[in-house]
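The values are calculated or read from the model by the stated rules, or taken from the named source; none is laboratory data. For clarity, every value in this text was computed on a predicted model and none was experimentally measured. Here the Cβ is made from the backbone with ideal geometry for all residues, glycine too, and neighbour counts use every protein chain on show. To get the accessible areas, we keep the full protein, side chains included, count just its heavy atoms, and leave off ligands, DNA and RNA. Shrake-Rupley method; radii C 1.70, N 1.55, O 1.52, S 1.80 Å.
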Amino acid sequence: MAASPFAWIDEQAEHRRRAGLVRTLRPRPADSPLLDLASNDYLGLARHPEITEAAAEAARRWGGGATGSRLVTGTTELHGELERELADFCGFESALVFSSGYAANLAAVTALAPHGSLIVSDAGNHASLIDGCRLARGTTQVVAHGDPDAVRKALGTHEGPAVVVSDTVFSVDGDAAPLAGLAAACREYGAGLVVDDAHGLGVLGEGGRGAAEASGLAGAPDVVVTVTLSKSLGSQGGAVLGPAAVIDHLVNAARTFIFDTGLAPAAAGAALAALRLLRREPERAARARRVAGTLHTRLTAEGLEAVRPDAAVVSVRAPSPERAVAWAAGCREAGLAVGCFRPPSVPDGVSRLRLTARADLTEGQIEHAVRVISRTR
C-alpha cells in the first residue's frame, strides 16, 4: 500500500510539539466565569443588550444568512445603511462591507496593486495584509517596522503605480504606525496609502473615529482604510473606506467581494447598532485608552516587561513559548483569560501575553488582572 500523501503532516506536528507551538481549540461556554482580557471586545459591546437585540431583529427580518454574493442577492438595505453610516462616521466618501476584515484586506491590497505596481509592506503587518501582498499581481517589498524613511527608499526604486500598506495599530504589541510620516512619504512619490484600522476604530480619534481621523488623513483622496466590525463594534465582518472611485473599483475587481457570500444580516444589524451607540457614547473610546494605560503602569510597577500601548492592546513579554503557554494557563486557572501569542503569530519571534483593555473594565477587575498576571508569571 502506498504511503499516505499526508504523511508529512505528522512530521510538522512533531516539530510543533517539540517547539512548544501546538495550538488547540478551546470552546468557551455562553456564560464564562473568567474575566475576559483575551478577546478584542474593546468597548464591551459584544453582549450589550442593544447590540444583541439588533442582531436578532435583523435575523428575524432578513433571515439567517445573506443568501448569496453581494452582487446577486447578498446585499440588503441594511448593508447599504451600514456602509453609509460607517463612511460618515470615519470621515470617508464611501464604504464597502465584506464578510470579514480578512476579506476586506485581501480585497483592498489585491485590487489596488495590479501587475507592474509596487507594494511597500511594513514588516509587522497582520497576516491578512501579508496574504493580500502575496496574492496581488504587483511586486512586494517588505520594509523595516514603522520606518517612513525605509518606505521612501523603497518607493524611490520604482517607477509606476505604488501603494504603501500598513496596520494603524499593530496587533501584537499594540504600537501605532507613524501615519503622518507614511502619508508624507507616499505623497513625495505619488503612492497610495492603504491602512488596516482594525485596532484603531472605536479606540483612536475623536469619539473612536479611528487612526486616520486622529492623524488628519480621513477623507484624503490618496488614503484607503480597512476596518473590522468584529472588535470595537462587537459584531463580525469588515469594510473598506475610501474615495468613491476606489470603492466602485472594488465592487468590480475585488474577488473576495464578487465571489463571497455577503455578510450575514445579523452581523450587519449588530455592527450598525454598535456604531450608533458609539456615536451616543463617545467616551467609551477614551475609557478604553485609559484602561490600557493603567494596565501598563501597574504591570511595569510589578517588574513585568510590558510595551507601552498606543491604543487598547497591552503586550507583556514572556521568556519562551513554553513559559507563555504555562503563564496563560495559570491565569486561566486563577479566573483570568488572556491571549497567548507565539511564533509564527509574532514577527519578532518573542512570545507574549496579549491583554485587551476593555472600556467596561472596573477598577476592581483591573486590580484583579494585574494581581493574577504578576503572581502566575
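A few comments on the model shown:
- Qualifying residue in the stretch 244-251 (condition: surrounded by 15 or more Cβ atoms within 10 Å (Cβ to Cβ), in contact (Cβ under 8 Å) with a residue 24 or more places away in the chain and under 29 Å from SER315 (Cα atoms)): no
- Test: residue in the stretch 344-354 that is in contact with a Leu (Cβ under 7 Å, 6 or more places away or on another chain) and within 26 Å of ARG290 (Cα to Cα): no
- Some residue of the stretch 172-182 being under 24 Å from LEU233 (Cβ atoms), hydrophobic (A, V, I, L, M, F, W, C), crowded, with 22+ Cβ neighbours inside 10 Å and in contact (Cβ under 8 Å) with a residue 24 or more places away in the chain: yes
- Count of residues meeting criterion [open to solvent by 20 Å² or more (accessible area, probe 1.4 Å), in contact (Cβ under 8 Å) with a residue 60 or more places away in the chain and farther than 30 Å from GLY262 by Cβ] in the stretch 107-123: 1
- Restricting attention to the stretch 82-94, the residues that are part of a helix (DSSP H, G or I), open to solvent by 10 Å² or more (accessible area, probe 1.4 Å), touching a residue at least 12 places away in the same chain (Cβ under 8 Å) and more than 21 Å from ILE258 (Cα to Cα) total 1.
- Some residue of the stretch 327-340 being touching a strand residue (DSSP E or B) at 6+ places or on another chain (Cβ under 7 Å), crowded, with 20+ Cβ neighbours inside 10 Å and closer than 27 Å to GLU206 by Cα: no
- When the stretch 42-81 is filtered for residues that are of a type in the set (Gly, Ala, Ser), assigned to a helix (DSSP H, G or I) and within 24 Å of the chain's Cα centre (by Cα), the ones remaining, listed by number, are ALA54, ALA55, GLY80.
- Between ARG137, ARG70, ARG61, ARG152, the distinction of being open to solvent by 20 Å² or more (accessible area, probe 1.4 Å), touching a Phe, Trp or Tyr at 6+ places or on another chain (Cβ under 7 Å), at negative phi and touching a residue at least 12 places away in the same chain (Cβ under 8 Å) belongs to ARG70 only.
- Comparison of LEU204, LEU229, LEU272 shows that the only residue that is closer than 20 Å to ALA58 by Cβ, hydrophobic (A, V, I, L, M, F, W, C) and either under 15 Å from the mean Cα position of the chain (by Cα) or open to solvent by 10 Å² or more (accessible area, probe 1.4 Å) (or both) is LEU229.
- On the stretch given as the stretch 327-355, residues that are at pLDDT 90 or above and at positive phi total 1.
- Here GLY238 fits the description: under 30 Å from TYR189 (Cβ atoms), in contact (Cβ under 8 Å) with a residue 60 or more places away in the chain and of a type outside the set (Lys, Arg).
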